[in-house]
Amino acid sequence: NISAGGRVTLTAKPDEGYTLSSIKITDKNGKEIAFTKQGNSTFIFVMPSSNVDVEAVFAKIGETKKDDKVETKTIKMQIGSKDVSVDEKEIANDVAPVIVNDRTLVPIRLITETLGGEVEWDGSTKTVTLKTDGKEITMTIGKVLEKYGVAPVIINDRTFVPVRFVADELGAETAWDEATKTVTITKVMDK
């Protein structure tokens, strides 16, 4: 029983032969709670005024998919920095993620294309269409994405969406490091 505002330390220890793939902490309304990673499987967060749900996903080490090794793609971006890391390699980018109304917004084209999808822009209707994993997602600039409470916006000629949208719609896992203001996006890719 931890009261609102209390600091919570959480350890998600995998069984032998498994590794922690992702962790997600949400409040009773489904809003994601920011946390700080302390080591491989220890996380710290501030308790909200409601109970929380903790979802820890574990993967078997060396697990195979369709007779191939599982390949993951990891993107790291820091608020205010144009430096982007994809699988530990720096890539060129012309915009940085931002925080607007307590929501972390990321450039969707860079992320979608890095994760193997396609992005189409229709300037006349101000709509963005994402094609990934056999599905098509369309959104309109300035129109609130109900599930996320924020609308896609254009900043420096680039479309930005909430990072949680990336997790839910593109099938990726996201993690937030409050200390460094860094968002990490990880997706298991089909080889």
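If you filter segment 44-76 down to residues that are more than 19 Å from Ala12 (Cβ to Cβ), modelled with pLDDT under 85 and surrounded by 12 or more Cβ atoms within 10 Å (Cβ to Cβ), you find that the one that is nearest to the chain's Cα centre (by Cα) is Glu71. In segment 24-35, which residue that is out of contact with any helix residue (DSSP H, G or I) (no Cβ under 6 Å at 6 or more places or on another chain) and open to solvent by 30 Å² or more (accessible area, probe 1.4 Å) is nearest to Ser3 (Cα to Cα)? Of everything passing the filter in segment 24-35, Lys28 is nearest to Ser3 (Cα to Cα). Elements of the type strands (runs of 3 or more DSSP E) sitting completely within segment 82-191 and holding at least 1 residues that are surrounded by 13 or more Cβ atoms within 10 Å (Cβ to Cβ): these cover 84-86, 98-100, 103-107, 118-122, 127-132, 135-140, 153-155, 158-162, 173-177, 182-189. Of all the numbered requirements in (1) closer than 21 Å to Thr72 by Cβ; (2) within 19 Å of the chain's Cα centre (by Cα); (3) open to solvent by 90 Å² or more (accessible area, probe 1.4 Å); (4) not aliphatic (A, V, I, L, M), Lys13 misses one, and that requirement is (2).
Can you pull out every residue in segment 122-181 that is hydroxyl-bearing (Ser, Thr, Tyr) and modelled with pLDDT under 85? Hits for segment 122-181 are Thr132, Tyr148.
The values are calculated or read from the model by the stated rules, or taken from the named source; none is laboratory data. The structure presented is a predicted model; accordingly, all values stated were derived computationally and were not measured. Here Cβ is always computed from backbone atoms with ideal geometry, including for glycine, and neighbour counts include all displayed protein chains. Surface areas here come from the heavy atoms of the whole protein model, side chains and all, with no ligands, DNA or RNA. Shrake-Rupley method; radii C 1.70, N 1.55, O 1.52, S 1.80 Å.
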